[in-house]
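In what follows, a single structure is set out as structure tokens and then discussed.
Derivation of every value follows stated rules applied to the coordinates shown; laboratory data play no part. Note that the structure is predicted; figures quoted are calculated from it, not measured. Glycine also receives a Cβ, built like all others from the backbone with ideal geometry; neighbour counts cover every protein chain displayed.
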Amino acid sequence: MNAAPAHSNQPRPFQPQPWRDRRLEILLGNLLRTGVMLSAAVVLLGACIYLYRHAHEPADYRVFRGEPSDYTTIPGVIRSAIGGHGRGWIQLGLLLLISTPIARVTLSILGFALERDHMYVVFTLIVLAVLLYSLLGSGLTI
Amino acid sequence: MTILTFTAVVAIVSFVAGLLGSLTGLGGGVVLVPLLTIFFHVDIRYAIGASLVSVIATSSGAAAAYVKEGFSNIRIGMFLEIATTFGALLGAFAATRVPTSVIATIFGAMLLYSAYVSRRPRPHAQRNLPADPLATRLRLNGKFPDLDGERRYNVQHVPTGFSLMFGAGALSGLLGIGSGAVKVLAMDQAMQIPFKVSTTTSNFMIGVTAAASAGVYLSRGYVDPGLAMPVMLGVLAGSLLGTRILVRAETKSLRLVFSVVILVLGLQMLYKGLWGYI
């Protein structure tokens with residue numbers, strides 16, 4: 001009586017496990033929000049320094065000049081932030097912001113690996129490679 | 001205008017754009033670039049750089065709220081991100097080579113299309129579709145909690161959706177926007193993904209897509225700290241407030257107003273782009 005159904009002993013076909021998926025997603029969601037809040041705080045700190053020093057200078061964005069290397073390379077931004085420049089801190093905050101989705105993708109690799117979903121580990125690695133190429137291969141690190 | 005006034009006004013405009021964008025679900029970034037270029041006379045390259053940064057902020061900021069609802073499909077997202085990130089990288093490199101008048105013209109056309117999509121009833125995914133062999137192999141099919149219990153869905157037309165998402169990524173990289181209008185076309189229309197799943201999944205994807213072009217933008221000097229700061233903080237604050245107060249009853253008229261704004265800005269961008277004023 002009340003015997004377990006016969007098919008429960010058979011191996012089950014592959015199914016993404018929803019509870020694991022969800023736990024991972026909640027973790028990722030919180031990670032993203034924390035990253036955004038942290039980067040917003042850094043940008044705000046930079047904004048205070050920047051406005052304190054330059055509030056009464058004229059604003060002009062009519063002509064595109066590009067940015068000096070202090071704001072276009074990772075070492076330049078870090079140097080500028082350490083030097084106490086407001087714009088350096090803003091740029092550092094923006095770099096943090098850009099890295100939050102990258103952290104999300106990196107953690108997803110771990111999640112898929114735990115689920116032994118090799119196909120999606122490969123897919124996620126491809127996405128990560130494109131992201132890292134954009135960040136590191138386009139001259140940001142020089 | 002002094003830096004202080006400029007920062008304050010841009011922050012307020014960005015806040016309103018972020019608020020309206022999240023209340024209407026049309027995204028705030030799409031109106032920011034035309035507003036900055038037309039009314040603040042900002043070079044379109046600076047405007048695009050600032051807008052792209054704000055797109056990452058809203059996407060990542062709203063992710064936690066969306067995840068709690070439990071509709072997003074992490075596999076659909078990751079699979080399509082292959083297309084969007086490659087597209088975004090290509091779009092960002094194109095943005096550094098294409099003349100600004102061409103970018104403005106494409107932007108105008110994109111705005112008109114977004115206004116059209118926002119007025120059209122959103123396509124409803126058909127129910128009980130047969131499982132597509134490719135979608136099954138890619139493990140894209142899923143289920144989500146619906147009013148009448150658990151609802152399963154089978155993803156359709158994977159190659160079409162994938163190609164369209166490449167286009168969405170390229171537009172995102174070229175114009176510095178989330179390009180939600182193209183995503184609707186790809187995910188709702190072609191792939192027949194249910195509305196709730198496609199909205200939450202695409203929000204997740206937008207941040208990753210934008211991050212793929214952000215590196216190129218930053219290294220080419222498109223991201224000016226003085227401009228990106230008020231835009232990012234304003235849009236983020238506005239969109240976070242928007243997700244809190246989401247008053248469903250009001251969104252219909254709000255959507256109408258916002259899509260008229262998008263239409264007018266689109267015509268302006270098209271005019272300025274075609275006549276070479278930008």
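For segment A:96-121, how many residues are free of Cβ contacts under 8 Å to residues at least 40 places away in the same chain, more than 7 Å from chain B (Cβ to nearest Cβ) and touching a helix residue (DSSP H, G or I) at 6+ places or on another chain (Cβ under 9 Å)?
Going through segment A:96-121 one residue at a time, the tally reaches 8.
If you go through segment B:85-103, how many residues are facing chain A (nearest Cβ under 9 Å) and touching a Ser or Thr at 6+ places or on another chain (Cβ under 7 Å)?
4
Can you find, within segment B:16-54, the residue that is surrounded by the most Cβ atoms within 10 Å (Cβ to Cβ) among those that are among the aromatic types (Phe, Trp, Tyr) and closer than 26 Å to A:Thr72 by Cα?
Only one residue fits best here, namely B:Tyr46.
Within segment B:31-51, can you find the residues that are touching a Lys or Arg at 6+ places or on another chain (Cβ under 9 Å) and β-branched (Val, Ile, Thr)?
Across segment B:31-51, the qualifying residues are B:Thr37, B:Ile38, B:Val42.
Please enumerate the residues belonging to segment B:127-159 that are of a type in the set (Asp, Glu) and either surrounded by fewer than 18 Cβ atoms within 10 Å (Cβ to Cβ) or touching a Phe, Trp or Tyr at 6+ places or on another chain (Cβ under 7 Å) (or both).
B:Asp146, B:Asp148, B:Glu150
When you scan segment A:40-80, how many residues do you find that are facing another protein chain (nearest Cβ under 7 Å), of a type in the set (Asp, Glu) and either under 22 Å from B:Ala237 (Cα atoms) or touching a Lys or Arg at 6+ places or on another chain (Cβ under 9 Å) (or both)?
Selection size over segment A:40-80: 1.
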